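Chemist: Could you have a look at this structure, given as structure tokens, before my questions?
A short reminder: the numbers here are calculations on the coordinates, not readings from a lab. In this text, all values refer to a predicted model and were calculated from it rather than measured experimentally. Backbone-built Cβ (ideal geometry, glycine too); neighbour counts: all protein chains shown.
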């Protein structure tokens, strides 16, 4: 099928004979013809259904062709329609004025039918190609925008991965140095005199250092995984009482070694959103932190409370407090070293707990208390409220 079969041509001329001639001539070429004797009628029709090309006379009553053309070009919806003037005026100034008003061509009367047909076909094809070029240009612009977004997302992802790699290397360098020195020192002493009476006493030091290294590695890997693959940890309803019971059971031996008791495991703490194993890891880290701040013979107390949409867990211990400058950055990575508090080495327990709870929309804070001690406040999203 030819392009002209569906093309629409509007003819505007106040002479009925010219209209009939152009209608007959162009309809035989497969064009859909709309003819009007007045410019105002043509403008109203074009506004409702824009044609592909307009053949326009100049000398007409009410509104001449120049005015019609200028009105067309002032309307953004009609401005790109090619206008061909058909006029008996052959003065150069008239032709210049026609082109300045927005016309693309000018044919003088009397015209040759073949010439008009050729010019109509040419400008319809040019108009079609222009629209197609604009569509391609718009498509290319969208592809560029889409690709730019993809590249920006990929760049952001690479930055996260690069930062995660850097953080992990810092963790290995910073956190493993002390326990590794302990292991190496004990090994050197044992190897120097394996039959000595002191060798047996080094076993406990070895076990402590080994446990610290394995815990640090687990926490470092978990922190990196949360930062890089947070989307894979899907929330689900979890019984908080089960999480707290499992965490207290795991911390019990550590607390007993420091002569600290754990109290207050709630039986009806409700449902919270999270992943059971990760929440247990977070509470183990927080309970161990509380034990480290407890005095010998003291206790760590756990209490739960529910408000609209959240469940709060309070972990309190008496004995030691935090230096005031340390409180605000207590859960920051690399912020707390062994000398920063009186509780000794905290490892990666605080930042690990903080990252896990934040992953599930929760939060954790710490504050000093009187008599001397600390209070760790945990907030978790309630699964019961979310389900309503």
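Chemist: Measuring from label point to label point, each 7 Å out along Cα→Cβ, what is the residue 73 to residue 258 span in nm?
Modeler: Going by the 7 Å Cα→Cβ label model, 8.5 nm.
Chemist: Here is a further query. Sort 49, 384 so that the residue with the fewest other Cβ atoms within 10 Å of its own Cβ comes first and the one with the most comes last.
Modeler: Least to most surrounded, the residues fall as 49, 384.
Chemist: Oh, and also: Based on the Cα atoms of the range 233-387, what semi-axes does the equivalent ellipsoid have, where each is the square root of 5 times one gyration tensor eigenvalue, given in whole Å with the largest first?
Modeler: 25, 17, 14
Chemist: Something else now. Go ahead and run the numbers for FRET between residue 107 and residue 358, Cβ-Cβ distance against an R0 of 51 Å, rounding to 0.05. It would help to have the intermediate numbers written out before the result.
Modeler: Values: r = 74 Å, r/R0 = 1.46.
E(calc), rounded to 0.05, equals 0.10.
Chemist: What is the distance in Å between the Cα centres of the range 38-72 and the range 259-332?
Modeler: 81
Chemist: Roughly how large, in nm² to one decimal, is the mean projection of the convex hull of the alpha-carbon atoms in the range 3-135?
Modeler: Averaged projected hull area, Cα only: 7.4 nm².
Chemist: If you don't mind, there's one more thing I want to ask. Going from the alpha-carbon gyration tensor of the range 58-125, what semi-axes, largest first and in whole Å, does one get by taking the root of 5 times each eigenvalue?
Modeler: 19, 16, 10
Chemist: In Å, the Kirkwood hydrodynamic radius of the range 24-66 over pairs of distinct alpha carbons?
Modeler: 11.4
Chemist: For residue 158 and residue 93 in one chain, what is 0.36 nm times their gap in residues minus the Cα-Cα distance, to one decimal in nm?
Modeler: So the extension gain works out to 16.9 nm.
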